[in-house]
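The values are calculated or read from the model by the stated rules, or taken from the named source; none is laboratory data. All figures in this text were calculated on a predicted structure; none of them were measured in a lab. Positions of Cβ are backbone-derived with ideal geometry, glycine not excepted, and every protein chain shown enters the neighbour counts.
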Amino acid sequence: MKKYLAVIDTNVLVSSLISKKIDSATVVVLEKLFDGTIIPLINDEILAEYKDVLNRKKFKFPAEQIDQLLTTIFNVGIMTEKTFSTENFPDPKDTVFYEVTLSKTNEDAHLITGNIKHFPKKNVCCHTF
């Protein structure tokens, strides 16, 4: 089985947990995460954002579901340093996702996001759903 290094934008996680369709692209991303096809690239900043966003009351995600997802991401993920970028982002919180992906571009890393327009098109292979 081929494995893919990927930084998963928070919006993909939220969309997958909200989705009512078991075959939606974001749900498939989580399936690939759990079956080991996608190896998440993470750092402390990304993990903190995941935890903050997934625990927002407006989503009403069960705590056990959040814990299982975050534990899996932490256990199978690769802690990765950022590569500084001078790019400007509409949402500054997106910078870390881009910079972590940049740090592994020589290893064919991908950025999986639902907001491809928020990221520069050069240097990083972005996938959107």
Worksheet entry | Hey, Gly114 touching a residue at least 40 places away in the same chain (Cβ under 8 Å), small (Gly, Ala, Ser) and under 19 Å from Leu13 (Cβ atoms) or not | yes
Response to the item:
Apart from one, (1) within 25 Å of Lys20 (Cβ to Cβ); (2) at pLDDT 95 or above; (3) in contact with a helix residue (DSSP H, G or I) (Cβ under 9 Å, 6 or more places away or on another chain) all hold for Ala63; the odd one out is (3)
Worksheet item: Among the residues of segment 92-105, is there at least one that is charged (D, E, K, R), assigned to a helix (DSSP H, G or I), within 15 Å of the chain's Cα centre (by Cα) and modelled with pLDDT of 95 or more?
Response: no
Item to complete: Please determine, by comparing only the residues of segment 1-41 that are β-branched (Val, Ile, Thr), closer than 16 Å to Asn75 by Cβ and in contact with a strand residue (DSSP E or B) (Cβ under 6 Å, 6 or more places away or on another chain), which one is surrounded by the most Cβ atoms within 10 Å (Cβ to Cβ).
Response: Ile8
Worksheet item: Would you call Glu99 in contact with a Ser or Thr (Cβ under 7 Å, 6 or more places away or on another chain), free of Cβ contacts under 8 Å to residues at least 24 places away in the same chain and acidic (Asp, Glu)?
Response: yes
